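The structure under discussion appears below in the form of structure tokens.
The values are calculated or read from the model by the stated rules, or taken from the named source; none is laboratory data. These numbers were taken from a predicted model, which means no experiment stands behind them. Heads up, the Cβs are rebuilt from the backbone with ideal geometry, glycines too, and the neighbour counts pull from every protein chain shown.
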Amino acid sequence: MGPIGHFAVGLAAKPVAPKVPIFVLLVATVILDVLAIAFAFAGIEGVKTGIPWSHGLFMSVMWSVVAALLAARIYRDFRAGAVVGLLVLSHWVLDFVSHPIPFSSFSWHSWQWSFGHPLPPDLPLLFGGSPKVGLGLYNSISAVEATALELGMFLLGAAVYVRYIVRERKTA
Ligand SMILES: [Zn+2]
């Protein structure tokens, strides 16, 4: 899933994590993609290895735990930590539903932009050589439909966020 769809979850999470700035909530939802880009530059992930360090289920859970502990500590709030951890994990869940992304999208396997033809699953359960998963929603809908879906999600998330902000202003 693209960043717009992930951001939707971060926006919607604000009411349950009032202590955490919205910027942090948004970054938490896409941190696995940030890691993927960093790991690709560092040569840790790529053609041969796939994306186990950023998008493997095992490591995604690990990153979620790390993020949860960090946030709980920084905001001195258990719930803030739990929400941030779950946001990091939500990235994997949404990618599990939508991946692989076959259109107008960079393939970490072939290192090229590909258009249209379905790709095999690209989310490893563990590390190199482990089974790869992905329900492949974006294999079966068009790029336009996927964009509409993500924009719809974003609007819903934004509505939850704005409603929360307006209420806070009123009670302040
Ligand atoms: Zn991703």
Q: Could you identify the single residue in Ala17, Ala80 that is buried (at least 23 other Cβ atoms within 10 Å of the Cβ) and more than 17 Å from the chain's Cα centre (by Cα)?
A: Ala17
Q. Name the residues in the range 79-108 that are over 23 Å from Gly157 (Cα atoms) and either at pLDDT 95 or above or among the hydrophobic types (A, V, I, L, M, F, W, C) (or both), would you?
A. Phe103, Phe106, Trp108
Q) Within the range 134-144, can one find any residue that is assigned to a helix (DSSP H, G or I), modelled with pLDDT under 95 and hydroxyl-bearing (Ser, Thr, Tyr)? A) yes
**Q.** Residue list for the range 50-77, filter: within 16 Å of the ligand (Cβ to nearest atom) and either over 19 Å from the mean Cα position of the chain (by Cα) or hydrophobic (A, V, I, L, M, F, W, C) (or both)
**A.** Ile51, Trp53, Leu57, Phe58, Met59, Val61, Met62, Trp63, Ala67
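Find the residue count for the range 22-68, including only residues that are part of a loop (DSSP other than H, G, I, E, B), at positive phi and either touching a strand residue (DSSP E or B) at 6+ places or on another chain (Cβ under 8 Å) or among the aliphatic types (A, V, I, L, M) (or both).
Total satisfying the criteria: 0.
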Q) What is the residue count in the range 1-21 for residues that are under 19 Å from Glu150 (Cα atoms) and assigned to a helix (DSSP H, G or I)? A) 12
Q: Report yes if Ala158 is surrounded by 13 or more Cβ atoms within 10 Å (Cβ to Cβ), farther than 22 Å from Ile51 by Cβ and of a type in the set (Gly, Ala, Ser), otherwise no.
A: yes
